[in-house]
Amino acid sequence: MMQTTSREVTRRYTLLHRLGAGSMGEVYAAIDRLTGTRVALKRVYYAPLDVFTAADPDSSADDDLRRLLANEFRVLASLRHPNIISVLDYGFDAQLFPFYTMDLLEDPRTILEAGRGYSLAQRLQAFTQMLQALAYLHRRGILHRDLKPANVLIDSHDVVRLLDFGLAAQGSAQGISGTLPYMPPEVILHGSASLQSDLFSLGLIAYELFAGRFPFSAERTNDLLDQLLQAMPDLEPLPENVCGVIARLLMKDPSDRYADADAALAALAAQSGGTIAVESHSTRESLLQAAQFIGRQIELNQLSHQMDQIVKAVNHAAREPQPDAGYGGGAVLVGGESGVGKSRLLDELRTHALLNGALVLRGRCVAESAQPFQLWREIVRRLILEESPNDVDAGVLRELVPDISELLGRTIPPVPGLGASSAQARLVEAILRLFQAMPRPTLLILEDLQWAGESLMPLRQLLALCDRLPLLIVGSYRSEDAPTLPSKLSGMRHLTLARFTLDETAQLMTAILGSPRRQHALVDYLHQESEGNAFFLVEVIRTLAEEAGNLRSIGSRTLPEHVIAGGITQIVARRLGRLPAEALPTLKLAAVGGRAVDERLLRHIVGDEAQNGLRAALDAAILEVVDAEWRFAHDRLRDAVLALIPPNELPAYHRGIAEGLEAIYPENTDLAYVLSDHWREAGDRENETYYAVIVMEHRLALGILNEASRMLDRALLYTPRDPQVQLRLYKMAGEIYYFLGKASLSAEAYADCLKLAQRLNDEDAVGRALEGLGNTAYAQSNFDLALDWYEQSLQRRRANEDSRGIASTLHFISMLHRFRGDYEKSRQALEESVMLRRQVNDVRGLGDSYYQLGIHARLRGDYPAAIAFLRQGVEMRRSIADGRGLSDDLNNLGIVYTLIGDYEQAESSLLESMKQRSTTDDLRGVASCRNSLAELDLVRRQTGAAIRSFSIALGIWQGAQDGWNIANSHASVGYVQACAGEVLSAKYHLYEGLVTAQRIPALFIVLKALIGWAQVMIHEGQAMQAAMLLGSVERHPAMTAQLRQIYFDPVRAALDMSAHADDYESGRTLSIEGLIAMILDSQKRADQTG
């Protein structure tokens, strides 16, 4: 009777009901919350004494049940056969009981239960499948050692499935094992098991299957033992076509039985009159695709050892906690050509890590990725079930995990959007925090990094942290597709996989074929044809097996001169030629669709024939099913199928796929990238552009500017007929170009957007376009033009009663007035913007506003108010995980602490801001921090350090072509050089800063440059002129408390004011414009005479 339960085994698996129990443990039906599928979960009655004891090489625990479960998973994890149960995952539950999951068989029956209702032909088929499964195991050198009817189940499709491999062993084995009624004589007598031992147990099951009863009396143990050791069963009840085979399987002496299951299969096929195939497509593919692991043991040992060290460090830290202790995490990049065996190496490492108590996360890049950060989506889904993020991070991660509320079991509120650069940084930081919170030893496998794109961003930042985390990152890439990738991931140790040697080719051949005739000649042939590439080697053997009829017959036939003469395309073409004609349309459509195969889409387009086509391709090893998802077994195979489609037919295939996707997934914006691509290939520019705009909007929101720019360049070659799409396209062009720093192109796009929006009477778009034009002018330091555009935008938005829009435009107007030195107008615009943002609860906007309020308070010398505003901003930034905005606030706080003399707090805030900005590649932010650190150095009288920091900032601003900041940096460098007595260099920088600031105009910078000129004058003995210049600067309305304290006061203090008080007062009456003209003219004349 089924026992019902409902509880979690880790946060991933929820138990449904118990399926069965034994002396070792119990098996449950369970739900995998990650995939939504039902699985079988097997656990033992054992709880380790310490965390991950099973993984600790120094552990003294010796629990037989745990070792049996681990052994069972280890064996099954390396097997892929249609008649052997597939295992999925291994781990420990909350009470530290080990468990593993496997395919759940629906309505399973033991082979004997099913056999009672079978015809003779069905029983013969079941017997054949048992032998085929055993043949695969024996070819792999694996003994089952516990074959009995309870371990041979029949699923709802009448397919045999072998299970329970807890006693399995490699090669021969010593020790009594198994279940007595099905135990071979040699095991009972000597405890020695071999291939023939499994054959005896299988013979007993087969006898019972065909005769309907057990061949011996099992009522008394002694009688049963006597019969097992001495008596031959009565063969009379057996059908003639199986009698001889079963009789030989049940011989008492192992040497009298068949040599292996292959020989038994061949004998059964001979007696069946051709109704049985010795080797089906699926069993052949099992040997080809999941042969014994060959040739990468050194690399596997290196990686396994590194993983084991991390597990040991975690165990040690659990017993003896040490603050700030690292775990020895690391990162390895495995490279090699396509087909060289990278994935198989990672599969073996995964199994090792799971068995040693590690969490294994796996992500794969794809060439035609439809979603940003594709690599991290499944990884993040798995991580959030281990360490639940807070609501803010969960809201951010919804971008990668749309069903995050369901997975976490709580409602996740939405988070406000951020600007392009900040949004991407926020998402990356949320991913990093998941890893930083993970206490378990973790293996992170990242495959096909040659296609990573924007997914490299989180990886680069994670590399900087992994040595302090219990984390081993192992990535793989195709060296021919991305030869420079190692230089981009310098934090990863590079490991290159070479092709197989001749000896390794021989080992793999033996693992697949056994010991064929003419073995040495065949090895030489295979090595020459494949050139040691594992993928090609398997393809050559597969092709030879198709020609010979089965794998075993390869060695007995004359080998063709070449198999790969026409390359992989020719091999696949020959394989396709053997498919049913009705399967090809399905397969071609699948290839056009991508490596991942959408079964639902194919059924929609092709109809019921789609399933037959997929099955045929699966049998031919062109497709595979991984985690219940169909896909091409290799990209080379998909490419070969694509090559079969004439170029003039491709557009129709793409159109069919695009129309099918729209029909079965309406309004699914996640498919916009794929649909844009298919419509482009179909030659439909209107639909291509429509979906391209959706993709650009999404990529821009995440700050993925390179991809957005590539799509934009193509989209702009076509003018959409739909004016609304056209309007969105122009708006996207304006925003993308702006964030890329291409202000002129951005202005052109916004101008086009404005014209069309006015024609369509779209007031919202008009306001946005006008503000965009203001931003582009602002970016080019054309403040007069920027202010004109902003005023027009403000007028339109007021008329439209657009509170958010009004607040946004006022914010920019406030910043512009501040940069120009008109602080009163700046304050008025800012205060109205803050009021509106509070009314509409614009949290992100308020964070920006508090930052500006802090600057205003700082400029007027109200430092307590500045700190209060900035701390409010910090809280708001944290409430929406705005790391980049938080860095701005910390930088501003550092400046204020500098001004109040708290240099330790200033340095702490500035270095935290610098660290944040450096890890997110925020160069503009880094330059701002450099400026602030330089001012801190300046007040500490560390002029050399100040000059270096200001100069670094100047270089960054010049690269960004930011006129205001270029002028400011020139003035700052010149000022410090003047203080240090480097007069010639100081004059150059002060001149450049003054000229640029005047042109903008930026009066704050003008004053800073003039203060520097006063210092130069003092060095040159022109104290009177310096006093007059300082007097003029001091009375100017653009003078700020910060400028006075850091720059003005030290220069004024250098003057003998008792001697030059009259000159100073005289300067207060002079026009600063006249003094500027005099200085510039004097410098020009000096340059000409020099």
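All of the numbers you see were taken from the coordinates with simple rules; none came from a lab. None of the values given here were measured: they were computed from a predicted structure. Note: ideal-geometry Cβ built from the backbone for every residue, glycine included; neighbour counts use all protein chains shown.
Before moving on, here are some points about what is shown:
- The rule of thumb for compact globular proteins, 2.2 N^0.38 Å, goes into the C-alpha radius of gyration of segment 944-1007 1.01 times.
- Modelled spin-label separation between E368 and S86, with each label point placed 7 Å from Cα along the Cα-to-Cβ direction: 2.3 nm.
- The mean sequence distance of close C-alpha pairs (under 8 Å, at least 6 residues apart), as a share of the length of segment 502-565, puts its relative contact order at 34 percent.
- Working ranking of peptides 840-848, 220-228 by packing, defined as the average number of other Cβ atoms within 10 Å per residue, highest first, is 840-848, 220-228.
- Where only C-alpha atoms are counted, convex hull volume of the chain per residue in Å³: 206
- Within the chain, longest stretch free of exposed chymotrypsin sites (Phe, Trp or Tyr not before Pro) [DSSP loop, at most 16 other beta carbons within 10 Å]: 46-717
- For segment 749-860, average projected area of the Cα convex hull in nm²: 6.7
- Remark: the D503-D403 segment gains 31.0 nm on full extension, using 0.36 nm per residue and subtracting the alpha carbon distance.
- Segment N800-Q95, extension gain: residue separation times 0.36 nm, minus the distance between their alpha carbons: 247.6 nm
- Full extension of the chain between M1057 and L180 gives 304.8 nm of extra length, using 0.36 nm per residue less the Cα-Cα distance.
- Helix-only mean residue ellipticity at 222 nm for the chain, each DSSP H run of n ≥ 4 adding -39500 (n - 2.57), per residue, nearest 500: -18500 deg cm²/dmol
- Spin-label pair D158/L923, simplified geometry with 7 Å Cα→Cβ offset, distance in nm: 6.9
- Rough spin-label spacing in nm, given labels placed 7 Å along Cα→Cβ, for D107 and A325: 5.6
- Total formal charge among the other residues, if their Cβ is under 13 angstrom from that of R574, Lys/Arg +1 and Asp/Glu -1: 0
- In this calculation the C-beta distance from R1085 to A960 is compared with R0 = 25 Å, giving a FRET efficiency of 0.15.
- Stokes-Einstein diffusion coefficient of segment 509-659, Kirkwood radius over Cα pairs, 20 °C, 1.002 mPa s, in µm²/s: 129
- Principal axis extents of the Cα atoms in segment 968-1090, from largest to smallest and rounded to whole angstrom, are 35, 28, 26.
- Proximal lysines to K755, defined as alpha-carbon separation beneath 20 angstrom and excluding residues fewer than eight positions away on the same chain: K731
- Loop trypsin sites (Lys or Arg not before Pro), segment 751-811 (other Cβ atoms within 10 Å of the site Cβ: 13 or fewer; DSSP): none
- Seen from V187, the other residues with C-beta closer than 11 Å to its C-beta sum to a net charge of -2, counting Lys and Arg as +1 and Asp and Glu as -1.
- Annotation for segment 393-441: GluC sites (Glu not before Pro) lying in DSSP loop with at most 11 further Cβ atoms inside 10 Å of their Cβ do not exist.
- Share, in percent, of DSSP beta bridges within segment 109-274 that are antiparallel, nearest 5: 100
- Reachable lysines from K488, criterion Cα separation under 21 angstrom, eight or more residues apart if same chain: K342, K915
- Hydrodynamic radius of segment 502-565 per Kirkwood, over alpha carbon pairs, in Å: 11.3
- Prolate/oblate/rounded label for segment 291-374 (Cα gyration tensor, a/c 1.5): oblate
- Hypothetical label at N668: residues of segment 363-381 whose amide nitrogen lies under 20 Å (7 Å Cα-Cβ projection): 364-379, 381
- Per-pair calculated FRET efficiency, R0 = 41 Å: E832 and R941 via Cβ, rounded to 0.05: 0.45
- Listed by chain and number, the aspartates and glutamates placed with their C-alpha closer than 15 angstrom to that of K148 are E113, D164, D198, E208; residues fewer than eight positions away on the same chain are left out.
- Percentage relative contact order, segment 787-931, counting C-alpha pairs under 8 Å, at least six apart: 14
- Sites S985 and Q297, calculated FRET efficiency, Cβ-Cβ separation with R0 56 Å, nearest 0.05: 0.35
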